[in-house]
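Just so it is clear, none of the values below were taken in a lab; they were calculated from the coordinates. Note that this is a predicted model, so its numbers are computed, not measured. Cβ: placed from backbone, ideal geometry, glycine included. Neighbour counts: every protein chain shown.
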Amino acid sequence: MTDQRMILVIDDEPSIREMLTIFLEEMGYAVQTADAVRSGIAAVDTTAFDLVMCDLRLPDGSGLEVLDHARKNPAAPPFIIITAHTTPQNALDALRSGASEYLSKPFNVEDLRLILRNILGAEPSMTPVEDSGLIGSSQAIQKVLSLVGRVAATPSTVLISGESGTGKELLARAIHNASPVASGPFLSVNCGAMPENLLESELFGHVKGSFTGAFKDHIGLFARAENGTILLDEVGDMSPSMQVKLLRVLQERRIRPVGGHREIEVNARVLAATNKILAESVRLGHFREDLFYRLHVVDIHLPPLRDRLEDLPELARFFVQRCCTRFGVPQKRLSPDAIRLLRAHTWPGNVRELENVIERTVTLENGELISSGVLTEHLHGATGAISHRRHVLPEEGIDLEEYLNGVRADFLRQALDLTGGHQKHAAEMLRLSYRAFRYHAEKLGLNRGSTASDQPHTEEPS
């Protein structure tokens with residue numbers, strides 16, 4: 001492949017070089033190896049690599065020498081420093097020298113896979129904003145996109161708010177990739193997904209023996225994000241005591257690892273995201289007001305998909321194209337009635353839900369055209385489009401038959417609108433036989449104007 005990315009692996013252990021070569025080639029990368037500082041520098045000088053993985057201790061010196069030499073070139077590739085000699089100082093030295101990541105031996109290949117995706121990206125051909133699904137021409141999304149370049153150029157803390165599934169983490173990544181620290185690491189932690197003690201260790205690190213299970217020193221995300229960006233996702237779910245500790249870090253730019261006796265200076269761009277209305281949480285006493293103002297320097301709100309439905313056709317076609325490319329299948333297209341069906345959905349799961357529905361449809365359907373009939377099963381099966389809400393009985397009672405007839409008529413009309421008046425497709429949407437649909441449509445006076453092409457050659461059983 002002419003666009004295949006090239007990775008240089010520098011390690012004096014043949015087994016490590018062989019293992020990494022096999023692993024990286026299986027991921028689709030081209031690999032070159034070196035076993036010392038001198039041969040590593042020679043390789044960097046003669047080949048344009050997309051990434052360098054370098055051991056810290058080499059027979060003729062330190063891997064940081066290769067990093068320092070490479071960084072003299074403005075087009076220097078990102079570096080991952082790997083070593084079996086893990087200490088907090090070694091990690092900080094590597095990060096402050098310009099390494100994008102620091103990996104301890106023995107390392108988990110899934111951790112390495114995630115690091116590679118963070119640094120190189122899953123799809124290099126797409127821009128960060130496009131790949132996030134933050135595309136569209138609506139005024140709501142254009143306002144968001146216009147802010148990316150403006151806030152990315154500054155070191156200001158940004159608070160990204162929005163419902164789940166709107167793309168908050170991916171917007172944060174777009175800000176990072178457009179910022180002066182784009183060559184540094186981008187690290188994210190879900191503050192609501194782990195207990196307080198584990199979150200503190202994950203953010204600030206810990207020293208060996210500081211608690212049960214702390215078998216070695218651990219470098220926290222704030223230190224690992226040196227000269228890069230850290231995203232505090234779902235920051236509104238932080239406990240009160242963790243809010244105090246985070247506030248102190250934001251004020252002083254220093255951290256103290258759990259069990260440690262000295263503070264470490266940190267330099268990372270901080271972004272935060274939440275699906276809560278933090279101002280309301282402050283009013284209720286659930287979130288510290290001083291921390292809120294520290295995070296709320298710049299506020300970007302991602303609108304829910306239902307508030308920018310004019311973007312839905314473009315988003316849906318984008319996801320169809322991307323899924324077909326990923327899965328190596330012929331390109332499919334959405335019919336007009338499929339687009340109308342998608343626009344009629346409420347999308348409680350937002351863009352993430354839309355992507356899920358499209359991926360499910362592309363995976364399971366063989367046809368080139370995605371129609372409303374094809375899409376209906378996947379839309380309902382994947383998301384449960386009809387909400388099962390509790391209906392409240394009025395005190396004065398209700399004419400149940402009349403009420404149900406009204407609901408039936410409403411759904412029949414919507415199905416006909418979405419399918420362009422095609423009764424057979426409308427019947428499929430409502431899980432009715434064609435005969436049953438025609439019966440109800442005639443009873444409600446909705447079958448006027450149906451065309452002969454809409455009629456099947458034989459009646460379907462009810």
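For the reader, a short list of remarks on this structure follows.
- This ranking places R269, R343, R288 by how few other beta-carbon atoms lie within 10 Å of each, fewest first, which gives R343, R288, R269.
- Linear extension gain, D417 paired with T154, 0.36 nm per residue minus alpha-carbon span: 89.8 nm
- Value of Rg to Rh for the range 306-383 (Rh from inverse mean 1/r over Cα pairs, i.e. Kirkwood): 0.92
- Stretch gain in nm, segment T46-K216, where the contour uses 0.36 nm per residue and the Cα spacing is subtracted: 57.3 nm
- When you restrict to C-alpha pairs under 8 Å that are six or more residues apart and normalise by the size of the range 149-289, the relative contact order lands at 31 percent.
- Relative contact order computed over the range 6-120 (Cα-Cα under 8 Å; 6+ residues apart), in percent: 22
- Sorted by Cβ density within 10 Å, fewest first, the residues M238, M194: M194, M238
- Ratio Rg/Rh [Cα only; Rh per Kirkwood] for the range 6-120: 0.91
- The helix-based estimate of mean residue ellipticity at 222 nm for the chain, built from -39,500 (n - 2.57) per DSSP H run of four or more residues and divided by its residue count, is -13500 deg cm²/dmol to the nearest 500.
- Amide hydrogen neighbours beyond the local backbone of V31, cut-off 5 Å, H modeled: I7
- Annotation: the residues E442, E263, sorted from fewest to most other C-beta atoms within 10 Å of their own C-beta, follow the order E442, E263.
- Each of N197 and H69 was given a label point 7 Å from its Cα along the Cα-to-Cβ line. The distance between the two points is 4.7 nm.
- Applying a threshold of 26 Å to the alpha-carbon distances of K245/K276; K208/K245; K168/K216; K332/K424 flags K168/K216 as lying beyond it.
- Rg over Rh [alpha-carbon atoms, Kirkwood Rh] for the range 128-303: 0.98
- Among 290-299, 275-284, 154-163, the peptide with the highest mean count of other Cβ atoms within 10 Å heads the list, and the full ranking is 154-163, 290-299, 275-284.
- The simple spin-label model puts a point 7 Å past each Cα toward its Cβ; for R408 and D307 those points are separated by 3.9 nm.
- Its Cα gyration tensor gives the chain an equivalent ellipsoid, and the semi-axes of that ellipsoid, as √(5λ) in whole Å with the largest first, are 52, 29, 18.
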